[in-house]
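Peer 1: Next up is a structure, given as C-alpha cells.
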Amino acid sequence: MSRIFGIELRRSAALGTALTLLLVGVVLLFFADGIGFATGWMQLAMTQRLYLAVLWPLALAAGAWQARREHRSNVTELFASTPRPAVQRTTPTLGAMAVAVVCGYLAMALAGALWIIGTAEYLPVSVLGVMAVGGLALIAAAWLGLAVGRLLPSPVTAPALGVAGLALLLLIPAATRPRGWLALVFSPIYEMNMPGAYSTVPGRASVAQAVWLTALAVSAVLLFAFSGWRIRVAALLPVVVGAALAITVMPHQNRLVTDAVDPVAKELVCAEDEPRVCVSRVHSGLLSEVTPGAREGLSILAKLPDAPTRVHEDTTTYFPDSYPQWNKDVVLLHVEAGPNGHLADEAGVPADVVSGAFTSPPGCENSAEPAEILAAAYWLIGREPVAGDIYEAEYVAEAVQLWRDLRGLPAGEGDARVSALRQAAVTCSVGDGLLSRSAR
C-alpha cells in the first residue's frame, strides 16, 4: 500500500496542488495587504485562515481535476470490474490529496514563521487549534472536489467548482445574518481578518468548526469511494449530524472571535534592573528594543516634580472596552510591531514615553489637546516638535507655535506651565489652553 501511495503522490495532482497552495499562500501572506501577521503566532494562524478565501476554492478545484483522471483515461469500467474493494482503490487518492493540501498549508505557515521567529516568543496552544482547523478545511475541500468531480466528470467542473466555492464563502455571512455565530460554524474565514495583538479564537469555536469540517469530509469520502443511490443518500447523514453538533457546540454569540481577547497575551513581562520597563507577553520579543528608548524617556521626564518612574505597555482594547490599571507613577506606551516583526518606530520611543506622561488616564473625559501634549513633551526634550506616528502632522504647526510661546516666557514660567499640564493630566482635570495662560 505504501508503494501505491508513493506512486499516487508522484503521478496524481497532489504535487501540483501542494506547490500551488504554497505559492499562492506565500504571495497572499506577504503581498496581498501588507504583512499583517508580524505581531505573533496567533496573528499568523488567523491570517492564514483568512486567506482560505482563496486557498479553499483552489483545493476544491484541484480535487475535481484529479477526479477526472479515470474518466479521461477511459478506465472507469475496468477498475469497477476488479475484485478490489472500492475503498482500497480510492484510499491512495484520498490520502495523496490530503497530504498535498496539508503540506502546502504548513509550508505556507513555515514561510510566515521564518519571518517572525526572531521576535515572536509567545506561542499559545490555541494557535495549534486554529491551524488544525485550517488544514482540516483544505482536506474537506479537496475530498469534496474529488466527490463532485467523480459525479460530474466534465472539463468545466474544476473551474466552475472553484468559482462556486469562492462565492459560497463570501455569501455565507450574508445568508446567516443577523446570526453571525452561525456563519462562524460554516465558514473557516469568518471573523479572521485584521487580528489585533491580543486576539485569540475561543476553543469552543475551533471545536465546532472541526466537527462540521470532519462531517463534510466524511460525506465527501462516501460520495467519492462508493456508487449507488443508497450510499449517496446516506452520505447526507454525516453532514446533517455534523451541522447539528457544530451548532450545538458553537456559542450562540455574535462577534465571538472579534471580541475575544487572550488575557495571557496581555500579561506584562518586565526587563531586569531599574527603571522598570514592561511590555505585554505577546510583545516580549520586542522588550530589548523598547527598553533603551523607554528609559531615555524616563530620564527626560525626571525634570518634572513627582515624575513617573516606570513604563508599561498600553494594553487597551476597544472590542471589548478594556483599559489597563492607571497609576500616576507609570507611563503607558503603545507598542506595535512593524512589517519585519521588529519594533515599528524604535527611534520614536523616547518622545512617545514623554508624551505619554501628559496623557490623561484611559476613559477620562478631560484630556489635553494633542498639540499641547506634543508641545509639552518637546519642551522637556529640548527641541522643536516634529510629527510622529501618534500625533498627525495637522497638530504639529500648532504645537510648534505653543513651544515657541513657551520659549518666549520668563525663566521658569515655561517649566511651571508644563508641570501644571502634567498635574492636570494626572488628576483628569485638563482644560483648554493651559500652556497658553499663566499656570495656576
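The values are calculated or read from the model by the stated rules, or taken from the named source; none is laboratory data. Note that the structure is a prediction, hence the values are computed from the model and not measured. All Cβ positions, even for glycine, are placed from backbone atoms using ideal geometry, and neighbour counts span all protein chains on display. With ligands, DNA and RNA removed, areas are computed over all heavy atoms of the protein, side chains included. Shrake-Rupley method; radii C 1.70, N 1.55, O 1.52, S 1.80 Å.
Peer 1: Normalised by the residues of the range 301-361, what does the relative contact order come to in percent, with Cα pairs under 8 Å and at least six apart?
Peer 2: With pairs under 8 Å counted, the relative contact order is 31 percent.
Peer 1: Any idea what angle helix 287-301 forms with the longest principal axis of the chain, computed on alpha-carbon atoms, 0 to 90 degrees, nearest 10?
Peer 2: Once rounded, the angle reads 20 degrees.
Peer 1: Probe 1.4 Å, all protein chains in place: accessible area of Arg255 in Å², nearest 10?
Peer 2: Approximately 100 Å² for this residue.
Peer 1: Let me ask you something else. If you plug each phi of the range 102-111 into the Karplus form 6.51 cos²θ - 1.76 cosθ + 1.60 with θ = phi - 60°, what whole-Hz ³J(HN,Hα) values come out, in order, with x for Gly and Pro?
Peer 2: Running phi through 6.51 cos²θ - 1.76 cosθ + 1.60 with θ = phi - 60° gives 5, 5, x, 5, 5, 5, 4, 5, 4, 4 Hz.
Peer 1: Now for a separate question. Averaged per residue, what accessible area in Å² does the range 80-194 show with a 1.4 Å probe, protein chains only?
Peer 2: Averaged over the residues of the range 80-194, the accessible area is 45 Å².
Peer 1: Mind ranking Cys103, Cys278 by accessible surface for me, highest first, 1.4 Å probe?
Peer 2: Greatest to least solvent exposure: Cys103, Cys278.
Peer 1: Can you sort Tyr318, Tyr323 by 1.4 Å-probe accessible area, starting with the largest?
Peer 2: Descending order: Tyr318, Tyr323.
Peer 1: Using helices alone, what [θ] at 222 nm do you get for the chain, with -39,500 (n - 2.57) per DSSP H run of 4 or more residues, divided over all residues and rounded to the nearest 500?
Peer 2: Rounded to the nearest 500, it is -18000 deg cm²/dmol.
Peer 1: Please find the FRET efficiency linking Arg3 to Leu123, where r is the Cβ-Cβ separation and R0 is fixed at 51 Å, and quote it to the nearest 0.05.
Peer 2: Calculated transfer efficiency: 0.85.
Peer 1: Could you tell me what percent of the accessible area of the range 219-295 is made up of carbon and sulfur, with a 1.4 Å probe and every protein chain present?
Peer 2: Looking at the range 219-295 in its full context, I get 64 percent from C and S.
Peer 1: Can you give the accessible area of Leu106, probe radius 1.4 Å, in Å² rounded to 10?
Peer 2: Here the accessible area works out near 100 Å².
Peer 1: Moving to a separate point now. Taking Cα Rg over 2.2 N^0.38 Å straight from the coordinates, which label in [x] 1.02; [y] 0.96; [z] 1.29 is the correct one?
Peer 2: Answer by label: [z].
Peer 1: If packing is taken as the average count of other Cβ atoms within 10 Å, what order do 341-347, 267-273 fall into, highest mean first?
Peer 2: 341-347, 267-273
Peer 1: So how far, in whole Å, is the C-alpha centre of the range 116-138 from the one of the range 348-388?
Peer 2: Result: 37 Å between the Cα centres.
Peer 1: Next up: What number, in percent, do you get for the relative contact order of the chain if the mean sequence gap of Cα pairs under 8 Å and at least 6 apart is divided by its residue count?
Peer 2: 15 percent.
Peer 1: Oh, and also: DSSP beta bridges in the chain, what fraction antiparallel, as a percent rounded to 5?
Peer 2: Here the share of antiparallel DSSP bridges comes out near 55 percent.
Peer 1: Starting at the first residue of the range 193-209, write each ³J(HN,Hα) from the Karplus equation 6.51 cos²θ - 1.76 cosθ + 1.60 with θ = phi - 60°, in whole Hz, x for Gly and Pro.
Peer 2: 7, 6, x, x, 4, 10, 5, 8, 10, x, x, 5, 5, 5, 5, 4, 5
Peer 1: With a 1.4 Å probe and every protein chain left in place, tell me how much accessible area Leu152 has, in Å² to the nearest 10.
Peer 2: Estimated to the nearest 10 Å², Leu152 gives 100 Å².
Peer 1: While we're looking at this one, here's another question. Hey, can you grab everything whose amide H is under 5 Å from the amide H of His334? Only 5+ residues off in sequence or another chain; H modelled, so Pro and N-termini drop out.
Peer 2: Asp314
Peer 1: Could you give me the ³J(HN,Hα) list for the range 263-280, computed from phi with Karplus coefficients 6.51, -1.76, 1.60 and θ = phi - 60°, whole Hz, x at Gly and Pro?
Peer 2: Karplus-based 3J(HN,Hα) across the range 263-280 equals x, 5, 5, 8, 4, 7, 10, 10, 6, 6, 6, 10, x, 6, 10, 10, 10, 5 Hz.
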